[in-house]
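Here's the structure we're looking at; comments come further down.
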Amino acid sequence: MAIIKCKNVFKDYKVGHIVVHALKDINVEFKKGEFSAIVGPSGSGKSTLLNIIGCLDKATKGEVILNDIPIKDQDKNVLADIRRDHLGFVFQTFNLIPVLTAFENVNFVLSLKKDSSAEENRKKTLKILEEVGLKGLENRRPLDLSGGQQQRVAIARALVKEPALVLADEPTANLDSHTGSEIMQLMKDLNKKKSITFIFSTHDKMVMEHARRIINLRDGMIKNGKGGK
């Protein structure tokens, strides 16, 4: 079953009097449990496509369907609910709240949903932090953690609400090669264990080697793809 369907998706930006065609007639689907990478050079449109899939941006034309929900014409409140309930995000700059501890950064996401008790949220938060290798570091703030540890907090934050889909934009860009490989293996293990779909945007060869499916973008168009679950 496809979690995401993009049908004839275009995205245009206006820069002064110039129209930039960031995406051109994108047709692609992602199924439950995939571990896929959208790859291409800077300016190819990979982050734009990821942002549209993640309800952070809207297509100019075409359809985007998430779990059978058309998202293109939804208002901002509905899109916020979709992001909260169905999606997890991992960014290259971690995007952690610096004044909060690792525990608080992760637990904050659960507090937004308001469908479980504080004690249930506490247990879920501690469990996911242990799963990503941060047991004993729950009370450290981001500046007291290494880059790899901060990215593990970001992964825990993305996964704690058990989303259908995790979107990771250049998740290894600010990490050394050894730490980046550890982070990719961690996400691959969680993908297998929990059947959560992961989609990466990257130009990192190491991320491509871990991915089971590659979608190549050039000049806003899909040129070819290989692999698949």
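The values are calculated or read from the model by the stated rules, or taken from the named source; none is laboratory data. Keep in mind that this is a model prediction, so the values were computed, not measured. Because the Cβ atoms are built from the backbone with ideal geometry, glycine has one as well, and the counts that use them run over all protein chains shown.
Note on segment 75-100: residues that are of a type in the set (Asp, Glu), part of a helix (DSSP H, G or I) and free of Cβ contacts under 8 Å to residues at least 60 places away in the same chain amount to 1. The residue list ILE52, ILE26 contains one member that is assigned to a strand (DSSP E or B), within 18 Å of THR202 (Cβ to Cβ) and not aromatic (Phe, Trp, Tyr), which is ILE26.
Among ILE38, ILE71, which is among the β-branched types (Val, Ile, Thr) and either at pLDDT 95 or above or closer than 19 Å to SER195 by Cα (or both)? Show your work before the answer.
On the way: ILE71 fails: either at pLDDT 95 or above or closer than 19 Å to SER195 by Cα (or both).
Step by step, each of ILE38, ILE71 is checked, and only ILE38 is among the β-branched types (Val, Ile, Thr) and either at pLDDT 95 or above or closer than 19 Å to SER195 by Cα (or both).
Sub-9 Å Cβ pairs linking a first residue in segment 121-137 that is under 19 Å from ILE183 (Cβ atoms) to a second residue that is among the polar types (S, T, N, Q) and in a helix (DSSP H, G or I), at least 6 apart or interchain, are GLY133/GLN149; LEU134/GLN149; LEU137/GLN149, ordered by first then second residue. Looking only at residues of segment 9-53 that are surrounded by fewer than 21 Cβ atoms within 10 Å (Cβ to Cβ) and of a type in the set (Lys, Arg), we find that the one that is farthest from ASN224 (Cα to Cα) is LYS14. Among the residues of segment 92-107, those that are surrounded by fewer than 21 Cβ atoms within 10 Å (Cβ to Cβ) and over 18 Å from the mean Cα position of the chain (by Cα) comprise PRO98, VAL99, LEU100, THR101, PHE103, GLU104.
In the set (1) surrounded by fewer than 15 Cβ atoms within 10 Å (Cβ to Cβ); (2) more than 16 Å from the chain's Cα centre (by Cα); (3) not basic (Lys, Arg), the condition left unmet by THR60 is number (1). Note on segment 199-210: among residues that are among the aliphatic types (A, V, I, L, M) and under 16 Å from the mean Cα position of the chain (by Cα), the one that is modelled with the highest pLDDT is ILE199. Of the residues in segment 211-226, at least one is within 15 Å of the chain's Cα centre (by Cα), surrounded by 21 or more Cβ atoms within 10 Å (Cβ to Cβ) and on the phi < 0 side of the Ramachandran plot.
Can you name every residue in segment 113-133 that is among the hydrophobic types (A, V, I, L, M, F, W, C), surrounded by 12 or more Cβ atoms within 10 Å (Cβ to Cβ) and either at pLDDT below 95 or within 19 Å of the chain's Cα centre (by Cα) (or both)?
First, pick out the residues of segment 113-133 that are among the hydrophobic types (A, V, I, L, M, F, W, C): 118, 126, 128-129, 132.
Applying the additional criterion that residues be surrounded by 12 or more Cβ atoms within 10 Å (Cβ to Cβ) yields 126, 128-129, 132.
Scanning segment 113-133 gives ILE128, LEU129, VAL132.
The residues in segment 175-207 that are surrounded by 14 or more Cβ atoms within 10 Å (Cβ to Cβ), within 20 Å of GLY43 (Cβ to Cβ) and not aromatic (Phe, Trp, Tyr) can be counted, and the count is 6.
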